[in-house]
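Q: Below: one structure in structure tokens.
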Amino acid sequence: MRPGPKNSITDIAGLTVGHAQDEGLKSGVTVLLGAQPFVASVHVMGGAPGTRETDLLSPDKMVQEVDALVLSGGSAFGLDAASGVADALRAQGRGFDVGGQKVPIVPGAILFDLLNGGEKNWVENPYKALGRAALDAASDAPVPIGTVGAGTGATTQTLKGGLGTASLVLECGATVAALVAVNALGSATLPGTRHFWAAPWEMAAEFGGLGQGPLPDPSEEPYPETRLGENTTIAIVATDAVLTQAQAQRMATAAHDGMARALVPSHTPMDGDLVFAAATGTHPLPDPVWDPLRLGHAAATCLARAIARGVHAATTAPGDTLPCWSDL
């Protein structure tokens, strides 16, 4: 396996990504848009998720494809970002046809960033407009990472979080990639160091090239320093492979291994950790037994790398409550 040419989820043909953020709000929205509707599913491992339209992503539901996926800050208020995206897509004539009416299918997930030092005293919910702006900004360029989009106000246990992405091209020719907003109760780095937990999966010094660092003490209990409710890491793993919705769900499930590799602890009762899966279906898999297994492994690897890249690329801003990795 090797990274794609952009090391980005936009290495998958037909997928575009847009960000919108408000620096004063210290929050933002990221949209993954398909040129055509794409197969999607989801798997939730955290104990405190915030979601929209995730029930219809189960393999037994009628609608098998979606138009876009949305990652947003803002806690429950951020769910309105998907409404802005859906309104804009409907105006473009996109959506599931129901008797001549177009209903865009836009699942979304949110993270909690209401206590990060930003201005939260809005009169009108800003996330619907941010969702529309993120959609308008969607392109197939390499995805900007760090303090952008849904990662604008993200934090981890000890450092600012951020928005990250990474990709891999498998030997069979399929591409797999991840896009993640890192806002975890846990830490992305080993205690007291700049070394990332995800270091064993790093490629080409993409998040500093520092290596593994000191071995962790397995007897040490986690001691989270964030307050309850300040958490949730939300991600999308995508591929150009031909997958059923059930296979996409299995890829999302496997991708959670990458979250556990990169964040310690992860999947806590206070995190809403969630992974969407997307499959554009342009690359048939030559081996229907083993290639889906390889897709899951690649998705986990991409997600671990994307998490570290998002934290590594975070930048300082006025009012920050935590340092950036580059400040250490």
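The values are calculated or read from the model by the stated rules, or taken from the named source; none is laboratory data. No experiment lies behind these values; they were computed from the predicted model shown. With ideal geometry, Cβ positions are generated from the backbone for all residues, glycine too; neighbour counts draw on all protein chains shown.
Q: Do we find that VAL66 is within 22 Å of ASP271 (Cβ to Cβ) and assigned to a strand (DSSP E or B) in this structure?
A: Working: within 22 Å of ASP271 (Cβ to Cβ): no; assigned to a strand (DSSP E or B): yes.
Judged against the criteria, VAL66 is not a match.
Q: Let me ask you something else. Could you name every one of the strands (runs of 3 or more DSSP E) located completely within the stretch 93-153 that has at least 3 residues being touching a strand residue (DSSP E or B) at 6+ places or on another chain (Cβ under 7 Å)?
A: Details: elements: 96-98, 101-103, 108-110.
Counting at least 3 such residues, we get 108-110.
One line per residue, one yes/no per condition, for (1) surrounded by fewer than 16 Cβ atoms within 10 Å (Cβ to Cβ); (2) at pLDDT below 95; (3) over 24 Å from LEU115 (Cβ atoms):
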position: ALA262; (1), (2), (3): no, no, no
position: SER266; (1), (2), (3): no, yes, no
position: LEU285; (1), (2), (3): no, yes, yes
position: PRO292; (1), (2), (3): no, yes, yes
position: ALA298; (1), (2), (3): no, no, yes
position: VAL311; (1), (2), (3): no, no, no
position: PRO318; (1), (2), (3): yes, yes, no
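Q: Being of a type in the set (D, E, K, R), farther than 21 Å from THR156 by Cα, buried (at least 19 other Cβ atoms within 10 Å of the Cβ) and touching a Phe, Trp or Tyr at 6+ places or on another chain (Cβ under 6 Å) narrows it down to one of ASP80, ASP11, so name that one. Show your work before the answer.
A: Working: ASP11 fails: touching a Phe, Trp or Tyr at 6+ places or on another chain (Cβ under 6 Å).
That would be ASP80, the only listed residue that is of a type in the set (D, E, K, R), farther than 21 Å from THR156 by Cα, buried (at least 19 other Cβ atoms within 10 Å of the Cβ) and touching a Phe, Trp or Tyr at 6+ places or on another chain (Cβ under 6 Å).
Q: Quick one: count up the residues across the stretch 154-166 that are in a strand (DSSP E or B), under 13 Å from the mean Cα position of the chain (by Cα) and not hydrophobic (A, V, I, L, M, F, W, C).
A: First, pick out the residues of the stretch 154-166 that are in a strand (DSSP E or B): 155, 160, 162-166.
If we keep only those that are under 13 Å from the mean Cα position of the chain (by Cα) as well, we get 162-166.
Then keep just the ones that are not hydrophobic (A, V, I, L, M, F, W, C); that gives 162, 164-165.
Count: 3.
Q: It is to be established whether one or more residues within the stretch 156-175 are free of Cβ contacts under 8 Å to residues at least 40 places away in the same chain, farther than 17 Å from ALA260 by Cα, surrounded by fewer than 24 Cβ atoms within 10 Å (Cβ to Cβ) and in contact with a Gly (Cβ under 6 Å, 6 or more places away or on another chain).
A: No: zero hits.
Q: Still on this structure, I have one more. Return the only residue of LEU185, LEU179, LEU210 being closer than 24 Å to CYS324 by Cα and at pLDDT 95 or above. Spell out the reasoning first.
A: Values: LEU185 fails: at pLDDT 95 or above; LEU210 fails: at pLDDT 95 or above.
Going through LEU185, LEU179, LEU210 in turn, the sole match is LEU179.
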